[in-house]
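This report concerns only the one structure given below.
The values are calculated or read from the model by the stated rules, or taken from the named source; none is laboratory data. This is a predicted model, so every value here is computed, not measured. Cβ placement follows ideal geometry from the backbone for every residue including glycine, while neighbour counts extend to all protein chains displayed.
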């Protein structure tokens with residue numbers, strides 16, 4: 001018997017990539033799935049989640065059709081811009097998509113969560129490590145990580161809240177060789193299904209005693225300490 005039969009899952013940014021894999025996984029387990037995505041499509045609610053009016057309309061449509069919410073996965077991806085060229089508007093929009101929207105959608109659904117409901121916030125391994133010129137995306141992912149533990153306390157006894165921090169997740173179906181593959185202690189680049197399976201587990205009754213946790217799914221990359229001349233790697237910063 002499918003483990004989410006009769007349950008409702010809501011996924012932001014669910015038309016492609018990780019979001020689509022999560023949506024497909026929940027459907028395969030019997031859930032009724034509602035998706036919102038900025039890209040137009042006939043199978044999901046189309047809208048820009050940086051606009052609170054869009055979130056209100058989406059939430060209203062979901063509640064009208066389902067009545068209750070069992071799983072909310074805040075997955076929509078903020079844009080990545082660096083400090084050299086990022087505008088105020090671009091930075092603010094990244095925070096709106098990556099932090100404000102998950103907060104507001106959780107608030108809108110709060111009266112409709114079932115007793116065993118779960119929120120999953122998709123963060124990133126960039127919530128703890130960075131590459132140059134990634135400030136807008138990294139700030140948003142750090143924000144959603146902090147929002148997660150704040151919501152855990154506020155929603156104690158009502159909704160479990162956890163986050164997932166993906167590392168390098170290939171959404172193109174490419175095959176990787178050489179350093180791209182071997183640098184990962186797990187021996188490969190991640191796939192959207194790796195994240196989808198984790199989301200299924202965290203939303204299931206098997207994870208009923210897990211709340212406030214961040215699950216970093218990065219093939220071990222954040223545990224690999226690299227110094228100059230280590231693992232054949234040489235540090236040559238750009239001038």
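Data for the structure
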read-out	value
Which listed residue, of 190, 143, is modelled with pLDDT under 95 and buried (at least 20 other Cβ atoms within 10 Å of the Cβ)	190
Options 195, 164: the member that is without any contact (Cβ under 8 Å) to a residue 60 or more places away in the chain and either touching a strand residue (DSSP E or B) at 6+ places or on another chain (Cβ under 7 Å) or on the phi > 0 side of the Ramachandran plot (or both)	164
Filter result for residue 119 (surrounded by 18 or more Cβ atoms within 10 Å (Cβ to Cβ), under 17 Å from the mean Cα position of the chain (by Cα), farther than 28 Å from residue 82 by Cα and touching a residue at least 40 places away in the same chain (Cβ under 8 Å))	yes
Tally, over the range 10-55, of residues that are over 25 Å from residue 94 (Cβ atoms) and either at pLDDT below 95 or in a strand (DSSP E or B) (or both)	4
Filter result for the condition that a residue is surrounded by fewer than 15 Cβ atoms within 10 Å (Cβ to Cβ) and either in contact (Cβ under 8 Å) with a residue 40 or more places away in the chain or in contact with a strand residue (DSSP E or B) (Cβ under 6 Å, 6 or more places away or on another chain) (or both), over 129, 151	129
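Results for (1) assigned to a loop (DSSP other than H, G, I, E, B); (2) under 19 Å from residue 14 (Cα atoms); (3) modelled with pLDDT of 95 or more; (4) under 30 Å from the mean Cα position of the chain (by Cα), shown as yes or no for each residue.
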{"residue": "198", "(1), (2), (3), (4)": "no, yes, yes, yes"}
{"residue": "212", "(1), (2), (3), (4)": "yes, no, yes, yes"}
{"residue": "216", "(1), (2), (3), (4)": "no, no, yes, yes"}
{"residue": "222", "(1), (2), (3), (4)": "no, no, no, yes"}
{"residue": "225", "(1), (2), (3), (4)": "yes, no, no, yes"}
{"residue": "237", "(1), (2), (3), (4)": "yes, no, no, no"}
